[in-house]
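S.K.: Sharing a structure below in structure tokens format, with a few things to ask.
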Amino acid sequence: MEDFLLYREFLFHNFIVSIDTMKSYDHKKIDAYWQDKWQSDSLYKTSELPQGKKIYVLDMFPYPSGEGLHVGHPKGYIATDIYSRFKRMNGYDVLHPMGWDAFGLPAEQFALKHKIHPRIAVENNIANFKNQLSHIGLDYDWSREINTTDPTFYKWTQWIFTKLYEKGLAYESHKPINWCPSCKTGLANEDVNHDGTCERCDTKVEKKPIRQWVLKITDYADRMLTDLDTLEWPEGVKLAQKNWIGRSEGAEFDFSLTDVKDHTDGSMSVKVFTTRADTLFGATFIAISADTAREWFNAGWETIDGVKEYVIETLEEQNKENDYSVVPEKTGVYSGINAINPATGEKIPVWIANYVLGGVGTGAIMAVPAHDERDFEFAKKYNLPVKQVISPETGVVQTNPEFRKSIVAILWDKKQNKFLSINWGKNLGGNLFIGGGVDGDEDSIICATREIKEETGYTHIRYLSKTEVIHHNYFAHSKNVGRRIEAVGLLFELIDDTQEEVSLEENEKNKFTTEWLSKQEVESKIEDALHALVYTMLVKEEIYTGDGTLISSGEHDGITSDEARNRFVEKYSGKKVIKYKMEDWVFARQRYWGEPFPVVRDNNGKVYMVDESELPVLLPEVKSYEPTGTGESPLAAITDWVNVRGYITNKGTFKQSNDGEIFTRETNTMPQWAGSSWYYLRFADPHNDAALISPEIEKNWLPVDVYVGGDHATRHLIYARFWHKFLYDIRVVSTTEPFSRLEFLGFILAEDGRKMSKRLGNVINPDDVINEYGADTFRVYEMFMAPFDQTVAWSTTSIKGADKFIDRVYSLQKKISETSTVSNMLHKTIKKVGEDIEKFKFNTAISQMMILVNAMEEGSFTHEEYSTLVTLLAPFAPHMTEQIWNELGNTTSIHKVSWPLYDESLLVEDSTTISLQINGKLRGTFVVPFGSDDSTVLEEAKILESYKKYVGELKPKKVIIIKNRLINIVI
RNA sequence: GCCGGGGUGGCGGAAUGGUAGACGCGCACGACUCAAAAUCGUGUAUCGUAAGGUGUGUGGGUUCAAGUCCCACCCCCGGCACCA
């Protein structure tokens, strides 16, 4: 009641203004009034522990850039706001926090440009962001705000690093890494664009050997892969992670080398990695990368003429690599060395080839041109032998099959470039080539020649080529038996069209017709897997790269690819190996604005972690935080910070002491991804000095139930999963995954369809929009403009629709009456809005409410029904609905009201419109009572003019009636 | 090339195999107004005066009925890319 009186007083002072603006209500006053009131009432304060059902709704926390917010930024925040308000109204305790990801390069670059300290810049930017956000009416509990640059926060980032080190998951490396010459820092692979440029500044990234801290994320690759299945994430993201992790199961084999001149590395063998160990007998040459060749040179190898030049040239070429979209032409050179295939004992040449890459596998491959496209392309170019060792397998393998031998013959008319096909009709397999069974030991060419003559009469033909045996499995329905066919495919050329009388019986002849098909027709009409494969191999001259049965593999003929992969590793001294495309995480940056490593070294360079009791290691103030570009961080110049006296505790950690030895601090800083890899935990327990998070709080609030943000499929979402799993292993968290459900948001583009940027001058500032239309209109429009996950351009005209809607809902207040025409529509709306919010389908939820409002405007509705509408709209338009709620005489906040329930019985309408179809075409509609039985519907339909016109006295062949929907009469 | 996602009016977009284009913008006309804005009303896929025909990227198919299911292809967006 107090609120109500307060509001009356407020109206008295301000209402005149709103009449002037010709709007039903004055959003500026109302927005501010309620935002202040919610704030002073602590409406959104989250309790320390959830009392009942909990839900943790999280936005990807923003990077507080100097540019401020544009209208695209709040889209996700509005969605989580709606979702969390909805959940709160459904009786959940909601954790919905916000914070700042403020370390990292952009903040530092902004600071450098504007000549202010990054800490000050970050403070200003956060203040600006917070001010902009505050106008939107979001329900964050700001008492839980966190900031990754706050020492009380990064203390725990450092703590996690010391734990990673303890568990052997952090190590130093001098391997060449990605170096951005413009940002003057090392980068993780994840920070490098597809085209080899820096993700931040688009400068060409170089390889540079720098001492680096690296995290062993590859140790978690398998778990990260398998646990993907447990996540309610968009399939695309899961797939992207799967590809990024890039697990491949294979084997390594040693090929011993012969004819090596002065190769002093002593091993005299080359190690290859393959995922196709089953094709070992088909390895007809070895190909090594230019990198591997260089290593051999360094080890003292003297080679034949031209090889060294080729290697140098290739290395140069590969370092350029600007255009990633074009696969370069394969080149190579014979090295003069030969290798022994461990399976066949044969001597095969070793080539150096540009398509073999140094960083992949072992940098050397066994080339199997018969079963690998790249090897095949290379072998064709350099005339290297192709040896098929896998017999293709088509169809579905049958149990207890009948064995048969057969041929598939393709007759080619070169002049017309057409292929002879037999059309058996739809039910007998459609178009095939010529097929037939082999009699006993009959030669396949003779057999095929005979079949062609028998079935088509052509006799003047020339044999061209044939395949190895293909195994084809199918179920012969006519004989009710599974079959396994050993087929040979053959290609013949038609010399002339001399044709004999087809020797088959008349009734046999009538079963099929012969047709000449063009290439295009063949590809669309020949559906049979075996016949299509024969065509692919003989006409298109493609190789078979799938699994199958072994042939030409000595004693192993007849076993499957799977069996061979296991057997060959044992038999030929191979080793099973699992490789990942993902590499360990380069975790150091040579910049100022990041978390310092809690690491010191003694004068022998031995590394110690700073003792937990002395964390955080504070980022020191520094005069110049410009990058040095030497691979050293600016911190290295601060000698009285770098040099620190102390001692090593019996735990092996470092503690400061003025009379101790001198140690030197690590001067690299952590990458921006460090803080964001665990921040979501801290929101649940933001002020805990003693622990990263209290176990009780962790158990009650975590994991994040719904995580909303932009597409970070392969970086943030990989790193956070890795750290979370590690924290699970050291018992800091009790779940194996951090984010149960993930919802991506589509971006908002500028009205011109381009990205919003200051440079293009097309930025739309939410402050301006809110000023003109109010926060509620802004919120409703952003949610209504397109499906949530879809990118869409801003429209300064379309927003008027949302504005009108808000205004009309407010105006409806005047129409409250004692009667109702909308009860059915209202209950449908309650159902749909609830279901849609749950699924993040905000656009259709709003559209349903618009439909209801239209119906209310046309008909009549009660006070209670109006209250229900306002309640449904409350999560979307919190200010206006709170205002109405208050004006309706309620004394508590609408945001504490229970979500309305729908009445199943009221979802049903009294009557329903049936559409009349005649032969599937719409010919009219009519209304019948809901639930009318079929005969009633038919009788009603017969009354229609269109029924009389189209059906008349004709007898319908068939009448299909879909209850409450339609009647279709087939005549 | 491979893997995702998508292709529906002038625009953003709706459609459990069952009236395609809900809802909104825009546009046109009308009401109110001296006038405009705002607001309200009516109309708005397309061809046709009409009856009716045609329409969800293209071509086939399944079905009484296809935007929706199946096959082939084209185009757009995103990711990966000589990964052995």
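S.K.: If you plug each phi of region A:912-923 into the Karplus form 6.51 cos²θ - 1.76 cosθ + 1.60 with θ = phi - 60°, what whole-Hz ³J(HN,Hα) values come out, in order, with x for Gly and Pro?
M.R.: Along region A:912-923, the couplings run 9, 8, 9, 9, 9, 10, 10, 6, x, 9, 5, 10 Hz.
S.K.: Calculate one ³J(HN,Hα) per residue across region A:835-850 by plugging θ = phi - 60° into the Karplus curve 6.51 cos²θ - 1.76 cosθ + 1.60, and present them in order as whole Hz with x for glycine and proline.
M.R.: 5, 5, 4, 4, 8, 6, 9, 5, 5, 7, 4, 5, 4, 5, 5, 5
S.K.: Picking from A:Asn131, A:Thr149, A:Ile160, whose Cα lies most toward the positive end of the charge dipole for region A:130-177 (charges on Cβ: Lys, Arg +1; Asp, Glu -1)?
M.R.: A:Ile160
S.K.: Give, in nm to one decimal, the length gained when the segment between A:Glu67 and A:Glu818 is fully stretched (0.36 nm per residue of separation minus the Cα-Cα distance).
M.R.: Values: separation 751, 0.36 × 751 = 270.36 nm, distance 5.29 nm.
That pair, A:Glu67 and A:Glu818, stretches by 265.1 nm at full extension.
S.K.: Shape verdict for region A:689-848, please, from the Cα gyration tensor: rounded (a/c under 1.5), prolate (a/b greater than b/c) or oblate.
M.R.: Details: a/c = 2.63, a/b = 1.49, b/c = 1.76.
Judged from the Cα gyration tensor, region A:689-848 comes out oblate (a/c at least 1.5, b/c at or above a/b).
S.K.: With a ≥ b ≥ c the root eigenvalues of the C-alpha gyration tensor of region A:782-932, is it rounded (a/c under 1.5), prolate (a/b larger than b/c) or oblate?
M.R.: Numbers: a/c = 1.94, a/b = 1.31, b/c = 1.49.
Oblate is the answer for region A:782-932, as a/c is 1.5 or above yet b/c matches or exceeds a/b.
S.K.: At q = 0.20 Å⁻¹, what is the log10 ratio I(q)/I(0) for region A:713-764, with the Debye formula run over Cα points and no solvent?
M.R.: The computed values of log10 I(q)/I(0) come out as -0.72.
S.K.: Taking every eigenvalue of the Cα gyration tensor of region A:627-668, multiplying by 5 and rooting it, what semi-axes result, largest first, whole Å? Present the calculation step by step, with values, prior to reporting the outcome.
M.R.: Values: eigenvalues 122, 25, 6 Å².
Listed largest to smallest, the semi-axes of region A:627-668 are 25, 11, 5 Å.
S.K.: Would you be so kind as to identify which of A:Val438, A:Ala409, A:Gln398 lies farthest towards the positive end of the dipole of region A:394-455, taking Lys and Arg as +1 and Asp and Glu as -1 on Cβ and the Cα centre as origin?
M.R.: So the residue we want is A:Ala409.
S.K.: Which whole number of Å³ per residue matches the convex hull of the alpha-carbon atoms in region A:890-970? Mind dumping the intermediate values first?
M.R.: Details: hull volume 10.3 nm³, N = 81.
Per-residue hull volume (Cα only) is 127 Å³.
S.K.: For chain A, what's the radius of gyration and Dmax over Cα atoms, in angstrom?
M.R.: Rg then Dmax for chain A, in Å: 36.9, 113.
S.K.: When we measure straight from the Cα of A:Lys655, which lysines land under 17 angstrom away, once same-chain ones fewer than 8 places off are left out?
M.R.: A:Lys655 reaches A:Lys155, A:Lys163, A:Lys606.
S.K.: In percent, what relative contact order does chain A have, based on Cα pairs under 8 Å that are 6 or more apart in sequence?
M.R.: 14
S.K.: Going by amide H atoms built from the backbone, whose H comes under 5 Å of the H on A:Ile918, apart from near neighbours?
M.R.: Amide H neighbours of A:Ile918: A:Arg923, A:Ile969.
S.K.: While we're here: Please sort A:663-670, A:357-364 by packing, taking for each peptide the average over its residues of neighbouring beta carbons within 10 angstrom, highest first. Write down the numbers at each step before the final one.
M.R.: Numbers: A:663-670: 22.1, A:357-364: 17.2.
Top of the packing list down: A:663-670, A:357-364.
S.K.: Below 21 Å, Cα to Cα, which lysines can A:Lys453 reach? Residues fewer than 8 away in the same chain don't count.
M.R.: A:Lys405, A:Lys414, A:Lys415, A:Lys418, A:Lys466, A:Lys509, A:Lys511
S.K.: Cβ neighbours within 10 Å, averaged per peptide: list A:649-661, A:956-968 in order, most packed at the top.
M.R.: Numbers: A:649-661: 12.5, A:956-968: 14.6.
Result, highest mean Cβ count within 10 Å first: A:956-968, A:649-661.
S.K.: Can you tell me what share of the DSSP beta bridges in region A:826-971 is antiparallel? A percent to the nearest 5 is fine.
M.R.: On the way: 13 of 17 bridges.
Around 75 percent of the beta bridges assigned by DSSP in region A:826-971 are antiparallel ones.
S.K.: For each of A:Trp159, A:Trp678, count neighbouring Cβ atoms within 10 Å of the residue's Cβ, then give the residues from fewest to most. Kindly include the intermediate steps, with their values, before the conclusion.
M.R.: Numbers: A:Trp159 20, A:Trp678 25.
The order, fewest Cβ neighbours first, is A:Trp159, A:Trp678.
S.K.: Enumerate the amide H contacts of A:Val599 below 5 Å, restricted to partners 5 or more residues apart or on another chain; note that Pro and chain-start residues carry no placed amide H.
M.R.: It is A:Val610, A:Glu666, by chain and number.
S.K.: So, one more: Expressed as a fraction of 2.2 N^0.38 Å, the rule-of-thumb size for a compact globular protein of N residues, what is the C-alpha radius of gyration of region A:151-194?
M.R.: On the way: Rg = 13.9 Å, N = 44, 2.2 N^0.38 = 9.3 Å.
So region A:151-194 has a normalised radius of gyration of 1.50.
S.K.: Here is a further query. Which three extents, in angstrom, do the Cα atoms of region A:160-244 have along their principal axes, listed largest first?
M.R.: Dimensions of region A:160-244 along the principal axes of its Cα atoms: 41, 34, 18 Å.
S.K.: If you filter region A:868-971 for chymotrypsin sites (Phe, Trp or Tyr not before Pro), then keep DSSP loop positions with at most 15 other Cβ within 10 Å, what is left? Display every interim value, and only then the final one.
M.R.: On the way: sites: A:Phe876, A:Trp885, A:Tyr902, A:Phe926, A:Phe930, A:Tyr947, A:Tyr950; in loops: A:Phe876, A:Tyr902, A:Phe930.
Taking region A:868-971 and a limit of 15 other Cβ atoms within 10 Å, the loop chymotrypsin sites (Phe, Trp or Tyr not before Pro) found are A:Phe930.
S.K.: Is it possible to state the helix-based mean residue ellipticity at 222 nm for chain A, with each DSSP H run of 4+ residues giving -39500 (n - 2.57), the sum divided by total residues, to the nearest 500 deg cm²/dmol? What is it? Provide the component values of the computation, followed by the final result.
M.R.: Values: 30 runs with 320 residues, N = 971.
It comes out at -10000 deg cm²/dmol, rounded to the nearest 500.
S.K.: Another one. Can you pull the Kirkwood radius for region A:787-868, inverse mean 1/r over Cα pairs, to one decimal in Å?
M.R.: On the way: mean 1/r = 0.0727 Å⁻¹.
Hydrodynamic radius (Kirkwood, Cα pairs) of region A:787-868 is 13.8 Å.
S.K.: Out of all DSSP beta bridges in chain A, what portion is antiparallel? Express it as a percent rounded to 5. The partial results should precede the final answer.
M.R.: On the way: 97 of 137 bridges.
Once the DSSP bridges in chain A are tallied, antiparallel ones form about 70 percent.
S.K.: Return one quarter of the surface area of the convex hull spanned by the alpha-carbon atoms of region A:675-738, equal to its mean projected area, in nm². Spell out each step's value before the answer.
M.R.: Values: hull surface 17.2 nm².
That works out to 4.3 nm², a quarter of the Cα hull's surface.
S.K.: For the peptides A:580-588, A:546-554, A:682-690, what is the packing order when you average, over each peptide's residues, the other Cβ atoms within 10 Å and list the highest mean first? Working shown, then result.
M.R.: Numbers: A:580-588: 20.6, A:546-554: 17.9, A:682-690: 15.8.
Top of the packing list down: A:580-588, A:546-554, A:682-690.
S.K.: Treat region A:203-358 as a sphere of radius equal to its Kirkwood radius over Cα pairs and apply Stokes-Einstein at 4 °C in a medium of 1.567 mPa s; give the translational diffusion coefficient in µm²/s, rounded to a whole number. Walk me through the numbers before you get to the answer.
M.R.: Values: Rh = 18.6 Å.
Stokes-Einstein gives a translational diffusion coefficient of 70 µm²/s.
S.K.: Using θ = phi - 60° and the Karplus curve 6.51 cos²θ - 1.76 cosθ + 1.60, what whole-Hz ³J(HN,Hα) does each residue of region A:861-871 get, with Gly and Pro shown as x?
M.R.: Per residue, the Karplus-derived 3J(HN,Hα) values read 7, 9, 4, 5, 5, 5, 4, 5, 4, 4, 5 Hz.
S.K.: With point charges of +1 on the Cβ of Lys and Arg and -1 on the Cβ of Asp and Glu, referenced to the Cα centre of chain A, which listed residue (A:Leu873, A:Ala170, A:Trp233) lies farthest in the positive direction of the dipole?
M.R.: A:Leu873
S.K.: Among A:Cys201, A:Cys180, what is the fewest-to-most ranking by other Cβ atoms within 10 Å? List each step's numbers first, then the result.
M.R.: On the way: A:Cys201 13, A:Cys180 23.
Sorted ascending by nearby Cβ count, the order is A:Cys201, A:Cys180.
S.K.: Using a simple charge model, +1 on the beta-carbon of Lys and Arg, -1 on the beta-carbon of Asp and Glu, nothing else, what dipole does region A:631-688 show about its Cα centre, in debye to the nearest 20? Show your work: numbers first, answer last.
M.R.: On the way: 5 positive and 6 negative charges, 38 e Å.
In total the dipole reaches around 180 debye.
S.K.: Same structure, new question: More than 20 Å apart: what percent of Cα pairs in region A:597-720 qualify? Please list the in-between numbers first.
M.R.: Values: 4474 of 7626 pairs.
Summing the P(r) tail past 20 Å for region A:597-720 gives 59 percent.
All of the numbers you see were taken from the coordinates with simple rules; none came from a lab. Every value quoted in this text rests on a predicted model; they were computed, and no experiment measured them. Cβ coordinates were reconstructed from backbone atoms using ideal geometry, including for glycine residues, and neighbour counts include every protein chain displayed.
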